[in-house]
Each structure stands twice: as C-alpha cells, then as structure tokens.
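One structure is given below, encoded as structure tokens.
The values are calculated or read from the model by the stated rules, or taken from the named source; none is laboratory data. Bear in mind the structure is a predicted one, so any value in this text is a computation, not a measurement. What goes into the accessible areas is simple: the full protein's heavy atoms, side chains included, and nothing from ligands, DNA or RNA. Shrake-Rupley method; radii C 1.70, N 1.55, O 1.52, S 1.80 Å.
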Amino acid sequence: MVSCPVCQQKLKLSFLMLPGALVVCPKCGTDLRVVSRDPDRVEAVPLEETLNANAKPESYA
Ligand SMILES: [Zn+2]
C-alpha cells in the first residue's frame, strides 16, 4: 500500500506493477511511477515527461 504524493490517497499496487510502471491516481489524476516494490514506493511523474510521452504533434503531420 502506498500513498499518492500529491493527495495522499491510499493506492493498492497490483503485483503486476513492476518498478517503472505507470499508474494514475484515481483521486487526483496525477501520473505516478512505481519506484520500488517491497517496500512499495511511487513518485509523481514530472509534467514535462508526460507531455513528451503523449504529445508528439510531428508524429501526426
Ligand atoms: Zn492523488
């Protein structure tokens, strides 16, 4: 069990979520990355990183 670093919502990570996996907080919608398992730790993904991953207008030209 981990807490969202933004809103403190308790999150239960699936055993399938390995370090590096991305999860979206169901409460505040922040993109979180699994940093480690046992103990479970997550960190908020920097906004610019999510923009780079999702918004590539040149790909659709
Ligand atoms: Zn949250």
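For the reader, a short list of remarks on this structure follows.
- Our summary gives segment 2-55 a relative contact order of 29 percent, counting only alpha carbon pairs under 8 angstrom and 6 or more residues apart.
- Residue-span extension gain [residue 24 to residue 8] - 0.36 nm each, minus C-alpha spacing: 4.4 nm
- The stretch between residue 49 and residue 1, if pulled fully straight at 0.36 nm per residue, gains 14.8 nm over its current Cα-Cα span.
- Largest first, the residues 28, 4 sort by 1.4 Å accessible area into 28, 4.
- q = 0.21, 0.24, 0.29 Å⁻¹: log10 I(q)/I(0) that the Debye formula gives for segment 2-55, counting C-alpha atoms only: -0.72, -0.91, -1.22
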